[in-house]
Amino acid sequence: MKKIIALTLALMLTVCCLAGCGGGEANENTLTMATNAEFPPFEYLEGEEIVGADVDIANAIAEKLGKTLEITNIDFDAALTGAATGKYDVAIAGVTATDERRQNMGFTDDYYTASQAIIVTADSAIKSAADLTGKTVSCQEGTTGEQYLLDNGYSVQSFKTGAEAISALTAGKVDAVVIDDAVARALSSKQEGKTVVLDEALTEEAYAIVTKLGNDELIAEINGALAELKAEGKLAEIFEKYELPYDAE
Ligand code: ARG
């Protein structure tokens with residue numbers, strides 16, 4: 001009898017351990033975050049390390065929630081799906097809160113305002129959105145930039161990363177890149193003057209944090225943390241560190 005009890009206990013312990021070790025699973029003391037570190041200055045790799053404004057914001061939120069942040073770097077569409085299905089607590093990746101996405105993901109309050117921008121080569125005849133008609137444009141797969149191009153009938157070439165999208169431009173394979181404005185500037189600044197960002201906003205968008213739809217408890221907790229960070233001037237400080245224009249109202 002004793003043996004059976006001992007065995008049962010041992011088995012229960014094993015099962016509990018296995019359940020607790022399911023990678024990416026939500027744990028009381030951990031905030032799991034999916035991102036796509038191909039989006040400077042919001043998230044990018046510095047050597048092996050994932051850094052950027054979103055990472056600083058995520059760390060500040062986790063600290064307020066008393067949790068340890070655990071970041072997983074994956075494709076952008078996988079980050080969205082991962083948070084929507086609850087594989088990760090959140091996706092923080094410069095994600096635009098759109099009505100379409102709201103159908104199957106939860107969103108916190110907005111924390112940053114952005115728009116889509118056009119990158120062209122320095123010698124390009126394209127000077128505005130009007131000149132884009134009939135052109136081939138590259139973008140990052142699964143993004144609002146891609147959606148904009150598809151909705152407006154452009155010939156689209158989508159890449160896993162914005163860096164590949166801009167490489168297609170400098171290689172002469174496409175006529176322009178459409179990507180979020182701050183990221184356009186960051187990526188373009190690395191092209192040694194070969195590219196420029198046009199001074200025209202194609203859209204108006206707001207970034208928010210993605211959760212599983214209906215995870216209202218977590219959304220409320222994060223909104224509370226965001227409001228505090230805003231009031232404390234911490235958000236403004238983070239955006240300033242990454243040279244991101246920010247209007248703290
Ligand atoms: N704001 C755009 C969107 O939501 C692009 C975000 C891409 N983010 C990234 N980390 N690659 O679709």
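The values are calculated or read from the model by the stated rules, or taken from the named source; none is laboratory data. Everything quoted here is computed from the prediction, not taken from an experiment. For neighbour counting, all protein chains shown are included, and Cβ atoms are generated from backbone atoms with ideal geometry for every residue, glycine included.
Being part of a loop (DSSP other than H, G, I, E, B), acidic (Asp, Glu) and out of contact with any helix residue (DSSP H, G or I) (no Cβ under 7 Å at 6 or more places or on another chain) is the filter here; which residues of segment 60-98 pass it?
Asp75, the sole residue that qualifies.
For Ile57, indicate whether it is modelled with pLDDT of 95 or more, in a strand (DSSP E or B) and either aliphatic (A, V, I, L, M) or closer than 28 Å to Leu198 by Cα (or both). I'd like the intermediate steps shown before the answer.
Numbers: modelled with pLDDT of 95 or more: yes; in a strand (DSSP E or B): no; either aliphatic (A, V, I, L, M) or closer than 28 Å to Leu198 by Cα (or both): yes.
Against the criterion (modelled with pLDDT of 95 or more, in a strand (DSSP E or B) and either aliphatic (A, V, I, L, M) or closer than 28 Å to Leu198 by Cα (or both)), Ile57 does not qualify.
Is it true that some residue in segment 195-204 is without any contact (Cβ under 8 Å) to a residue 40 or more places away in the chain and out of contact with any His (no Cβ under 8 Å at 6 or more places or on another chain)? Walk me through how you get there before you give the answer.
In the first step, residues of segment 195-204 are kept if they are without any contact (Cβ under 8 Å) to a residue 40 or more places away in the chain; the result is 199.
With out of contact with any His (no Cβ under 8 Å at 6 or more places or on another chain) added as a condition, the list becomes 199.
Within segment 195-204, one or more residues are without any contact (Cβ under 8 Å) to a residue 40 or more places away in the chain and out of contact with any His (no Cβ under 8 Å at 6 or more places or on another chain).
Six or more apart or on different chains, Cβ under 8 Å: which pairs go from a residue in segment 157-168 that's within 14 Å of Pro40 (Cα to Cα) to one that's within 12 Å of the ligand (Cβ to nearest atom) and assigned to a helix (DSSP H, G or I)? Could you list them?
Qualifying pairs under 8 Å: Gly162/Val183; Gly162/Leu187; Ala163/Leu187; Ile166/Leu187.
I'm checking my understanding of the structure. Among residues of segment 110-132 that are of a type in the set (D, E, K, R) and either within 16 Å of the ligand (Cβ to nearest atom) or in a loop (DSSP other than H, G, I, E, B) (or both), which one is surrounded by the most Cβ atoms within 10 Å (Cβ to Cβ)?
Within segment 110-132, the subset of a type in the set (D, E, K, R) is 110, 123, 127, 131.
Within this subset, residues satisfying the condition of being either within 16 Å of the ligand (Cβ to nearest atom) or in a loop (DSSP other than H, G, I, E, B) (or both) are 110, 123, 127.
On the way: Asp110: 15, Asp123: 7, Lys127: 13.
Here the answer is Asp110.
What pairs come up if the first residue lies in segment 103-127 and is of a type in the set (D, E, K, R), the second is at pLDDT below 95, and their beta carbons are under 8 Å apart, counting only those six or more places apart or on different chains?
Correct list of pairs: empty, since none qualify.
Could you count how many residues in segment 31-55 are surrounded by fewer than 19 Cβ atoms within 10 Å (Cβ to Cβ) and under 18 Å from Leu226 (Cα atoms)?
Counting residues in segment 31-55 that are surrounded by fewer than 19 Cβ atoms within 10 Å (Cβ to Cβ) and under 18 Å from Leu226 (Cα atoms) gives 0.
Would you check if there is a residue in segment 73-84 being crowded, with 20+ Cβ neighbours inside 10 Å, within 10 Å of the ligand (Cβ to nearest atom), closer than 21 Å to Ala225 by Cα and not basic (Lys, Arg)?
Checked against the condition, which is being crowded, with 20+ Cβ neighbours inside 10 Å, within 10 Å of the ligand (Cβ to nearest atom), closer than 21 Å to Ala225 by Cα and not basic (Lys, Arg), segment 73-84 yields no hits at all.
Name every residue in segment 25-52 that is more than 11 Å from the ligand (Cβ to nearest atom), among the hydrophobic types (A, V, I, L, M, F, W, C) and not in a strand (DSSP E or B), in order of residue number.
Result: Ala26, single match.
Would it be correct to say that Val178 is hydrophobic (A, V, I, L, M, F, W, C), touching a strand residue (DSSP E or B) at 6+ places or on another chain (Cβ under 7 Å), more than 22 Å from Glu43 (Cβ to Cβ) and part of a strand (DSSP E or B)? Walk me through how you get there before you give the answer.
Values: hydrophobic (A, V, I, L, M, F, W, C): yes; touching a strand residue (DSSP E or B) at 6+ places or on another chain (Cβ under 7 Å): yes; more than 22 Å from Glu43 (Cβ to Cβ): no; part of a strand (DSSP E or B): yes.
It is false that Val178 is hydrophobic (A, V, I, L, M, F, W, C), touching a strand residue (DSSP E or B) at 6+ places or on another chain (Cβ under 7 Å), more than 22 Å from Glu43 (Cβ to Cβ) and part of a strand (DSSP E or B).
Just to be sure, is Leu169 crowded, with 23+ Cβ neighbours inside 10 Å and within 16 Å of the ligand (Cβ to nearest atom)? Talk me through it step by step, then tell me what you get.
Values: crowded, with 23+ Cβ neighbours inside 10 Å: yes; within 16 Å of the ligand (Cβ to nearest atom): no.
When the stated conditions are applied, Leu169 does not pass them.
Taking Leu150 and the conditions (1) over 30 Å from Ala248 (Cβ atoms); (2) over 13 Å from the mean Cα position of the chain (by Cα); (3) surrounded by 19 or more Cβ atoms within 10 Å (Cβ to Cβ), which numbered condition does it fall short on, given that it satisfies the others?
(3)
If you check Glu200 against the conditions, is it under 19 Å from Leu149 (Cβ atoms), within 16 Å of the ligand (Cβ to nearest atom) and surrounded by fewer than 23 Cβ atoms within 10 Å (Cβ to Cβ)?
Numbers: under 19 Å from Leu149 (Cβ atoms): yes; within 16 Å of the ligand (Cβ to nearest atom): no; surrounded by fewer than 23 Cβ atoms within 10 Å (Cβ to Cβ): yes.
So Glu200 does not fit the description; no.
What's the total number of residues in segment 217-249 that are loosely packed, with under 15 Cβ neighbours inside 10 Å, touching a residue at least 12 places away in the same chain (Cβ under 8 Å) and charged (D, E, K, R)?
4
Name the residues in segment 133-165 that are within 19 Å of Glu100 (Cβ to Cβ), within 13 Å of the ligand (Cβ to nearest atom) and in a strand (DSSP E or B), would you?
Listed by number, the residues that qualify are Cys139, Gln140, Ser158.
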